[in-house]
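Participant: Have a look at this one before I ask anything.
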Amino acid sequence: MRKILFLSHRIPLPPNKGDKIRSFHELKFFSRFFKVDLVTFAESDEDFKYKDALREYCQNIHIEPIHKMKGLLRGGISVLAGKSISEGYYRSNHVREVIQKLTEKNSYHFIFCFSSQVAQYVINRPEKKIMDFCDVDSDKWRQYSRKKRFPFNLLYKLESSRLSKYEHEIATHFSLNLFSTPQELEVFQPQNGINYVLSNGVDTEYFSPNSRSKETAIIFVGAMDYFANIDAVVWFGRKVFPKLLEKIPGLKFYIIGSSPSKAVQKLSSFLPNIIVTGFVRDVRIYMDKAKIAVIPLHIARGIQNKVLEAMSMELPVSIPENILRSLKECDRQNVLVFKDGEDLFNILSHFFSNEQKYRDMGKQLRKYVRQNYDWDSNLDEFRKHLVQEGIW
């Protein structure tokens, strides 16, 4: 059986964050056809616990610990050298040596890179290479710069500029560049290379509704140490939810996700009807409780898995226009699209006052997800494209 080398900036297990869900499904898919060697990074000691589970999909596994403070120091040095923080943060001489030894020992059919941070290790190698940009990180930093105060806004703007330059350099050295949505590809605007949009998916068998009794509740699911999610729930919890609670006594807002920041934790003290759970083993229990999922993201890149999972659970969703644009062929009549806080307040007020009107919306959304965001179907189409391009 042929072999490939799979590089990722985060360990693909457990698939509990957007990028890790995508990298896990790609790794799982490739393991059906190739022997896979994996080189990845661990952000905590907890990550190493998943090494044995990864053996189901990988032949050789190297997990490199990455320490935040040392990474930031390397990032600072990288900035002084005229490069991006991201390049320096993930720079490791040891990883470079590991990859050198692996490529000397093995003849890889191709090398797969997940996220631009790890491209530095193979950018000049002669093998066929696939780059999954997933979300365009440079544009994420650009959006961050608009939300942050001085001097961080200038730092993030600089990171966006330098990372964008690096991303475009990467694109010219890889056989194929992957993006999660047409909008991501449009933002990137590659000048060279072959490009392909590989949509995310959702496990619709796992994320399927149960007949639990519903509460008068709103839900948000996501990693709660991630800035975009923190910004979203704090804004909603302080600006929109209090007015809703005045109109709908007893309404609850569930914030589900690991490692909630202090700003998120304070929401529970601000209003007792805001429930911050922290990590939960099964988010579906809470998704079944809620009547609607709200995704009040001001910063959003790519396809939001939290949106697809809610749809798969037959939950109506309220999303901003920028997220709607990332959903392919989505009938806006089946989603509740808002423009600003006042618009979101009016939409949710009407929803809870006229629930019967929205009775079939969740069923339509689950049908939509099953038709458009099935991992197996999307990855099979991707394989056909690789065959066509002579990469497979």
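Participant: Considering only S161, S44, S326, give the residue with the highest GNM mean-square fluctuation for the chain, with springs between Cα atoms whenever their separation is below 10 Å.
Facilitator: S44
Participant: Let me ask another. Return the single residue from P249, P260, P182 with maximal mean-square fluctuation; model: Gaussian network over the chain, springs between Cα atoms under 10 Å.
Facilitator: For the chain, modelled as a Gaussian network with Cα springs under 10 Å, the answer is P249.
Participant: Now for a different question. Which far-off residues, 5 or more places away or on another chain, put their amide H under 5 Å from the one on G278, with H placed in the peptide plane?
Facilitator: Residues meeting the criterion, in which the H sits 1.01 Å from N, are G257.
Participant: For the chain, with a Gaussian network of springs between Cα atoms less than 10 Å apart, report the residue from G82, G341, G250 with the top mean-square fluctuation.
Facilitator: Of the options given, G82 has the highest mean-square fluctuation.
Participant: Suppose a student asked you for the relative contact order of the chain, using Cα pairs under 8 Å spaced at least 6 residues apart; what percent would you report? Display every interim value, and only then the final one.
Facilitator: Details: 680 pairs, mean separation 50.8, N = 392.
Reported as a whole number, the value is 13 percent.
Participant: Per-residue HN-Hα couplings for region 361-370, Karplus 6.51 cos²θ - 1.76 cosθ + 1.60 at θ = phi - 60°, whole Hz, x for Gly and Pro?
Facilitator: My calculation for region 361-370 gives 4, x, 5, 5, 5, 5, 4, 4, 5, 5 Hz in order.
Participant: What are the ³J(HN,Hα) values, in whole Hz, obtained from phi via the Karplus relation 6.51 cos²θ - 1.76 cosθ + 1.60 with θ = phi - 60°, for each residue of region 345-352 in sequence order, with x given for Gly and Pro?
Facilitator: Once rounded to whole Hz, the list reads 4, 5, 4, 5, 4, 5, 4, 6.
Participant: Right, here's the next one. Considering lysine pairs in region 82-227 that are 8 or more places apart or on different chains, how many have Cα atoms under 29 Å apart?
Facilitator: Going through region 82-227 pair by pair, I get 24.
Participant: Can you tell me how region 181-321 classifies by the Cα gyration tensor, rounded, prolate or oblate, using a/c under 1.5 as the rounded cut? Before the final figure, lay out each step's value.
Facilitator: On the way: a/c = 2.15, a/b = 1.53, b/c = 1.40.
Verdict is prolate for region 181-321.
Participant: When the chain is fully extended, how far beyond the present Cα-Cα distance does Q388 get from A263, taking 0.36 nm per residue of separation? Don't skip to the answer; put the middle values down first.
Facilitator: Values: separation 125, 0.36 × 125 = 45.00 nm, distance 4.94 nm.
Result for the pair: 40.1 nm of gain on full extension.
Participant: Turning to a different aspect of this structure: Using a/c under 1.5 as the rounded threshold, could you call region 57-114 rounded, prolate or oblate? The axes a ≥ b ≥ c are square roots of the C-alpha gyration tensor eigenvalues, and prolate needs a/b larger than b/c, oblate otherwise. Walk me through the numbers on the way to the answer.
Facilitator: Details: a/c = 2.59, a/b = 2.06, b/c = 1.26.
Since a/c reaches 1.5 and a/b is larger than b/c, the shape of region 57-114 is classed as prolate.
Participant: Something else now. Pairs of alpha-carbon atoms within less than 8 angstrom and 6+ residues apart define the contacts here; what relative contact order does region 217-372 have, in percent? Write down the numbers at each step before the final one.
Facilitator: Details: 247 pairs, mean separation 37.2, N = 156.
Reported relative contact order: 24 percent.
Participant: Can you give me the distance in nm between label points at R149 and N346, each placed 7 Å from the Cα along the Cα-to-Cβ direction?
Facilitator: Those two pseudo-labels are separated by 3.3 nm.
Participant: From the phi angles alone, apply the Karplus equation (6.51, -1.76, 1.60; θ = phi - 60°) to region 60-74 and give each ³J(HN,Hα) in whole Hz, x where the residue is Gly or Pro.
Facilitator: After applying 6.51 cos²θ - 1.76 cosθ + 1.60, I find 10, 10, 10, 10, 9, x, 10, 9, 4, 5, 5, x, 5, 5, 4 Hz.
Participant: E215 to K239: extension gain in nm, 0.36 nm per residue of separation minus the Cα-Cα distance? Please list the in-between numbers first.
Facilitator: Details: separation 24, 0.36 × 24 = 8.64 nm, distance 2.21 nm.
Residue separation times 0.36 nm, minus the Cα-Cα distance, leaves 6.4 nm.
Participant: Check which residues have an amide H placed less than 5 Å from A42's amide H, if you skip close sequence neighbours.
Facilitator: Answer set, sorted by chain and number: E64, I66.
Read-outs: derived from the displayed coordinates by stated rules, not from any lab. Note that this is a predicted model, so its numbers are computed, not measured. Note: ideal-geometry Cβ built from the backbone for every residue, glycine included; neighbour counts use all protein chains shown.
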